[in-house]
1. Hey, among the residues in the range 166-206 that are small (Gly, Ala, Ser) and in contact with a strand residue (DSSP E or B) (Cβ under 8 Å, 6 or more places away or on another chain), which one's farthest from ligand 3 (Cβ to nearest atom)?
2. Which residue, of Asp246, Asp213, is within 17 Å of the chain's Cα centre (by Cα), within 16 Å of ligand 2 (Cβ to nearest atom), surrounded by 13 or more Cβ atoms within 10 Å (Cβ to Cβ) and touching a residue at least 12 places away in the same chain (Cβ under 8 Å)?
3. Restricting to the range 1-51, name every residue that is of a type outside the set (Gly, Ala, Ser), part of a loop (DSSP other than H, G, I, E, B), more than 15 Å from ligand 1 (Cβ to nearest atom) and within 21 Å of Arg254 (Cα to Cα).
4. For Ile257, are the conditions met, namely being within 16 Å of ligand 2 (Cβ to nearest atom), more than 17 Å from Ile75 (Cα to Cα), crowded, with 21+ Cβ neighbours inside 10 Å and at pLDDT 95 or above?
5. Looking only at the range 57-83, filter to residues that are more than 17 Å from His38 (Cβ to Cβ) and charged (D, E, K, R); which one of those is nearest to ligand 1 (Cβ to nearest atom)?
6. Would you pick out the residues in the range 222-274 that are within 16 Å of ligand 3 (Cβ to nearest atom), assigned to a loop (DSSP other than H, G, I, E, B) and hydroxyl-bearing (Ser, Thr, Tyr)?
7. Go through (1) away from ligand 2 (no atom under 13 Å from the Cβ); (2) crowded, with 22+ Cβ neighbours inside 10 Å one by one and return the number of the condition Asn29 breaks.
8. Say whether the condition of being farther than 30 Å from Tyr10 by Cα, in contact with a strand residue (DSSP E or B) (Cβ under 9 Å, 6 or more places away or on another chain) and more than 16 Å from ligand 4 (Cβ to nearest atom) is met by at least one residue in the range 236-251.
Amino acid sequence: MKADLHNHSYFSDGFLSPRDIVKLASDANCDLFALTDHDSTNGIVEAKSEADKLGTNLVNGVEISAFWRNSAIHIVGLGIDIDNDELQTGLEFNQTLRKERAKKIALGLWRSGIKDALEKAQMLSGGHMLTRTHFAQMLISEGYCKDMKSVFRRYLTGRKPGGVRVEWKDFKEVIKWVQSSGGKALIAHPFRYRMTHTKIKNMLIDFKEANGDGIEVINANSSDQEISLGNQWIEEYDLLASVGSDFHGWPNQRVQIGNLAELTNNSRAIWSYL
Ligand code: AMP
Ligand code: MN
Ligand code: MN
Ligand code: MN
């Protein structure tokens, strides 16, 4: 089973159109593929029409920003009904938070001498949703930083000029948005948060208690140790497993669609439950 259930188009912070990324999934011979833009399902209709044309199995997806305790985390929703009101009301709430945050980021950057950040980031987003990735790419292309890692660290997090705290909803609520639309809710890339293993495990306990469905066990950058811990935790906390590259398609990124390690425990694979 070749699955890739975490990918972005330019409807959030990806570089390519939904049509182009479905083509890449088809070229990579993915048996199952999901478009999971940040806080938006606006690319799904286009992705679906291309998937039908190419005979690719598309799963409707989304990656929703949420809070667990005091940490911002990402919940991937898979197999969602994009016409569901509760889901779309939630996504609209997050889209509003994003617009407010973009203005605050631009103001913070302006205070540190970087002019017209909002307009320049908007140019890069092509008028679609604004994310921190657009500010990051803008700051790199203007020569303020050399790569994504340093630009997030120096400009877009914590108390840095463009660091803005967003009051996302608690993940319990986000799980409900996803599940009320018929989808499964999974914690995205559990190892990418700045958390100790103990803290991640506490998050998994709370997530299971809130009726969450699973976690992403495999990403494009997963180490063998992370994959084996993820496999251990899905057993320990009775969760399902998903796999996804988190492809964004920016020219300077090496991640490819459908190029992932295989899931070993197929009885807990999310695709048996979608
Ligand atoms: P946002 O959802 O607008 O807060 O933007 C978060 C996105 O920025 C993530 O989904 C990643 O694509 C990207 N991102 C966050 N931190 C980093 C980082 N340190 N290096 C590269 N990309 C990052
Ligand atoms: Mn992203
Ligand atoms: Mn994410
Ligand atoms: Mn993502």
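1. Result: Ser181.
2. Asp246
3. Lys2, Leu5, Asn29, Cys30 - these are the residues of the range 1-51 that are of a type outside the set (Gly, Ala, Ser), part of a loop (DSSP other than H, G, I, E, B), more than 15 Å from ligand 1 (Cβ to nearest atom) and within 21 Å of Arg254 (Cα to Cα).
4. Judged against the criteria, Ile257 is a match.
5. If we take residues in the range 57-83 being more than 17 Å from His38 (Cβ to Cβ) and charged (D, E, K, R), then Arg69 is nearest to ligand 1 (Cβ to nearest atom).
6. Across the range 222-274, the qualifying residues are Ser222, Ser245.
7. Against the list (1) away from ligand 2 (no atom under 13 Å from the Cβ); (2) crowded, with 22+ Cβ neighbours inside 10 Å, Asn29 comes up short only on (2).
8. Yes, the range 236-251 has at least one match.
The values are calculated or read from the model by the stated rules, or taken from the named source; none is laboratory data. These numbers were taken from a predicted model, which means no experiment stands behind them. Cβ: placed from backbone, ideal geometry, glycine included. Neighbour counts: every protein chain shown.
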